[in-house]
1. Of B:127, B:264, B:310, which has the largest mean-square fluctuation in a 10 Å C-alpha GNM of chain B?
2. Check which residues have an amide H placed less than 5 Å from residue A:471's amide H, if you skip close sequence neighbours.
3. At 7 Å along Cα-to-Cβ for each site, give me the label-to-label distance between residue B:40 and residue A:206 in nm.
4. Can you give the % of DSSP beta bridges in the protein assembly as shown that are antiparallel, to the nearest 5?
5. Could you work out Rg/(2.2 N^0.38 Å) for region B:4-79, with Rg from alpha carbons only?
6. Under 28 Å Cα-Cα from residue A:19, which lysines qualify once same-chain neighbours fewer than 8 residues away are excluded?
7. Rounded to whole Hz and in sequence order, give me ³J(HN,Hα) for region A:141-154 from the Karplus expression 6.51 cos²θ - 1.76 cosθ + 1.60, θ = phi - 60°, writing x for Gly and Pro.
8. Over region A:6-161, consider all pairs of different Cα atoms and compute the Kirkwood hydrodynamic radius from their mean reciprocal separation; express it in Å, one decimal.
Amino acid sequence: MIGSNTTEAHPVLALRMKKAARKGATIVVADPRKIWLTKLAKRHLQLRPGSDVWLVNAMMHVILKEGLQDEEYIREHTEDFEAVAEVVSRYTPEEAEKVTGVPAADIVATAREYATEKHAAVFYTLGITEHACAVDNIWSLSNLVLMTGHLGYESTGLNALRGQNNVQGLNDAGANPAYFPGYQPADSAEIRQKFSEAWGVEVPETPGYRLDQIMSGLHDGRIRALYLIGENPAQTEPNAHHVMEGLEHVDFLITQDLFLNDMTERLADVVFPASSFAEKDGTFTNTERRVNRVRKALPCPGEAREDWQIVVDMAKAMGGNWPEYRTPEDAWNEFADLAPFWTGIRYDRIEEVGLQWPCTDRDHPGTPYLHAPSPSRPNGKGKFYPVEYQPPIEQPDSEYPFVLSTGRTLYHYNSATMTMREEGVVQKQEDPFVEMHPDDAAALGVQDGDWVRLVSRRGELEARAAVGERVYPGLVWMALHFAQAKVNWLTHDVGDPLIGTPEYKTSAIRIEPVGSALKPAAR
Amino acid sequence: MSSMVRFTLDGREASAPEGELLVHAAARHGVFIPTLCHDDKLDPYGGCRMCVVGVEGSPRPLPACATRVAEGMVVSTNSNVPAFRKTLTEMLLAEHLDPNPGGRPNELTDLAADLDAEAPFILPDAKRKEYEDRNRLMGYTPDACILCNRCVRYTQEVMQCSALSLEGRGPHARIVPTWERSWLDTECELCGGCLSVCPTGAIFEKFLEGTEQPERELVKTKTTCTFCGVGCQLDLNVDPETNRIVKVTSEPHYVSNEGNLCVKGRFAFNFVHHPDRLTKPMVRREDGELHETSWEDALQVAADGLNRVKAEHGPQAIGFLASARLTMEENFLIQKLARSVVGTNSIHSCEAT
Ligand code: SF4
Ligand code: SF4
Ligand code: SF4
Ligand code: FES
């Protein structure tokens with residue numbers, strides 16, 4: 001488990017890990033914090049945030065040095081192994097200890113166990129991807145997996161745990177500038193031709209903007225109108241003040257959501273009242289690529305409409321020439337006809353149990369394990385990508401001495417507009433809190449539960465100190481969810497150059513005691 | 001695949017995969033054996049003896065929920081078992097002043113009705129100490145608890161939360177959060193798993209108190225949880241009169257979660273009914289304020305706004321942000337709107353990872 005606080009981010013998946021541990025499975029947790037799973041873990045590699053590449057490269061160093069790699073798999077199913085072998089030869093466990101803070105002996109032991117166990121799987125979540133070097137982290141893990149041939153059968157592989165309910169489906173559906181539905185590249189003339197024919201209208205060739213480019217486009221005037229559907233970038237995007245300023249420049253803003261928030265109330269030109277998951281039919285795709293049915297249990301309140309209906313209405317109002325969509329199933333069928341990996345999935349087949357894509361025709365049983373028997377690239381070979389360590393962009397210094405890392409907690413859902421409305425749930429975590437080590441708290445003169453002020457180069461906020469040994473000295477941790485103390489005011493938006501994932505995970509900050517145990521509102 | 005074994009069930013030939021629990025093997029052959037302390041989410045336990053059956057060669061009856069089928073086994077579910085079962089049910093009822101508070105679904109009273117069992121008397125010390133907990137989600141009624149230990153086993157085997165324990169002995173025994181603190185002060189994560197396995201409703205959803213509708217008349221709709229990528233399968237239990245979700249349940253045979261849920265999937269559904277939900281379209285007028293309006297008007301204003309920007313600055317000046325909270329179908333249509341109507345590939349989301 002690397003960078004995955006599974007019991008909080010994917011609680012029911014964590015139950016399977018708990019069960020496996022009860023049945024004798026070995027769990028090794030690599031995480032800067034002493035998260036719950038470390039209790040069941042044989043070993044906890046408490047690495048410094050952002051040092052993942054060092055850790056993983058050092059594990060590969062050990063595997064190669066001791067000859068534990070799967071030579072046959074490397075020969076038959078991969079390419080460019082030598083490049084990685086060369087790079088990792090420079091990443092010794094002893095040096096790794098200095099950078100990551102993880103004892104060399106633990107790195108060696110973990111590498112040996114991972115390489116020699118037949119059923120060995122790697123799990124990671126946003127902990128790994130929300131760094132400026134997100135893609136590097138994934139490649140280094142993928143190198144590790146390829147080198148040991150741990151993929152393509154049960155309980156192996158590199159398992160990305162998708163954060164939210166339908167992130168997988170969102171990308172599969174083509175809500176991505178680089179891909180048409182079903183990961184069909186937007187830069188391919190052939191693919192554009194296919195969609196132009198299917199839709200009876202020329203689809204655009206000009207590359208689209210990614211999220212970070214849309215956000216910067218708000219400032220420099222490239223983006224003049226924005227249609228936001230169920231999103232509040234001023235909450236979820238790093239450097240939220242900056243995003244808010246950008247939104248103020250936009251000429252025309254449409255939002256479609258369940259609730260109003262500060263931003264929409266002030267800035268939206270049109271607000272469409274939308275639907276919750278309980279009020280519509282459709283599908284969500286889970287982190288195992290399983291397409292599950294969503295079913296309507298209730299009517300929408302008042303005049304609110306189902307989101308798919310609103311989009312169809314908008315297309316009509318704008319003069320688009322669309323076929324009639326009577327139900328979401330019509331949209332699904334259009335998608336499945338256009339996207340080969342989904343062609344075999346139809347509503348009548350997923351009434352009881354969802355199917356996992358790829359599923360290419362009506363008789364296809366779905367695909368539980370990707371990359372079996374060899375990696376799914378055109379030539380059937382998994383590619384090794386050598387990765388060098390890049391230090392986190394913002395390092396602590398004398399003015400901002402603490403490293404702030406952020407993440408999710410069990411009790412809330414991203415910007416928490418849904419869960420913060422649940423009194424019984426909020427009872428467990430009411431106020432924004434920041435986890436800090438007792439030594440740091442003592443040095444600052446802060447007691448557990450005191451309010452403190454966190455200041456970064458970009459903003460500041462107040463939170464309650466949660467003093468404990470979940471973090472090590474010098475590291476503090478905060479959750480993303482609290483509207484009154486948006487942690488994204490502190491973080492910065494230097495993204496991964498390739499995929500534009502913002503660096504939520506580490507920022508340099510300083511901490512000032514507020515000298516009060518009262519909530520800001522009560523002072 | 002495990003190999004099949006042959007056994008005899010009430011004089012008939014039967015077969016089952018080797019190692020299958022008798023209670024399941026019998027059910028597949030149409031013989032229903034009542035259980036009380038058994039739950040498919042938990043390890044076999046065999047504590048209450050409600051499910052005992054006769055097995056040839058065994059000196060005493062064996063619990064079907066904890067006995068595995070073996071080659072040549074001769075099983076009888078109907079000799080003197082029903083009488084035994086009735087006595088057992090009567091004894092359990094005798095220990096309870098109030099076996100079924102609040103009319104919640106209750107496997108014990110169902111069983112009593114099936115077997116025509118009634119409490120012969122109520123034990124003089126049947127009244128147990130009441131239990132209050134300041135959390136707003138789950139309550140516990142000691143007087144309904146049959147000490148089957150399902151809840152505690154769930155906390156140990158599945159959640160591993162060490163939040164519940166059995167306290168006291170004999171007539172004073174009850175289940176309480178460890179150290180008799182509130183659930184909120186233990187490692188409890190409010191997943192409601194212990195509640196979901198309780199056969200008697202002794203652990204119950206607090207917010208259910210006060211609904212008029214008997215639980216059995218709620219309408220269940222199976223759907224997928226909206227809160228994370230595990231995609232747990234669950235049933236929304238809706239009161240057909242008020243059209244409100246009253247509770248969320250799940251079944252052990254549901255794929256991905258086997259009947260388990262977390263605090264969000266089980267308890268965080270009230271946002272659906274929150275009074276702040278938007279119920280009318282709104283547009284910003286000259287006065288700078290948002291005003292409620294008709295759909296027709298709102299759609300026109302929105303379409304005109306986008307068309308105007310497109311005419312003045314081109315399609316690249318329009319961005320779309322979709323959402324992981326929406327369905328696949330909705331995201332498909334949104335990107336189609338961006339690409340085929342507006343004419344831009346600038347469609348992304350805040351949750352692309
Ligand atoms: S609700 Fe869940 S976490 Fe809490 S005691 Fe019950 S099983 Fe444990
Ligand atoms: S509370 Fe319910 S599950 Fe727990 S012992 Fe009592 S009856 Fe059994
Ligand atoms: S119930 Fe919990 S674990 Fe399951 S999908 Fe919902 S949020 Fe995720
Ligand atoms: S149900 Fe089998 S012993 Fe209780």
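The values are calculated or read from the model by the stated rules, or taken from the named source; none is laboratory data. Only a predicted model underlies this, so the values are computations on that prediction, with no experimental measurement involved. A quick note on method: Cβ atoms are made from the backbone with ideal geometry, for glycine too, and the neighbour counts reach across all protein chains shown. Note: accessible area is taken over every heavy atom of the protein model, side chains too, but ligands, DNA and RNA are not part of it. Shrake-Rupley method; radii C 1.70, N 1.55, O 1.52, S 1.80 Å.
1. Maximum among the listed residues: B:310.
2. A:34
3. My value for the distance between the label points is 5.6 nm.
4. Taking every DSSP beta bridge with both residues in the protein assembly as shown, the antiparallel ones total about 60 percent.
5. 0.98
6. A:34, A:39, A:42, A:118, A:428, B:41, B:222, B:247, B:264
7. Values, residue by residue: 5, 5, 4, 4, 5, 4, 4, 9, x, 8, 7, x, 9, 4 Hz.
8. Details: mean 1/r = 0.0632 Å⁻¹.
15.8 Å is the Kirkwood radius here.
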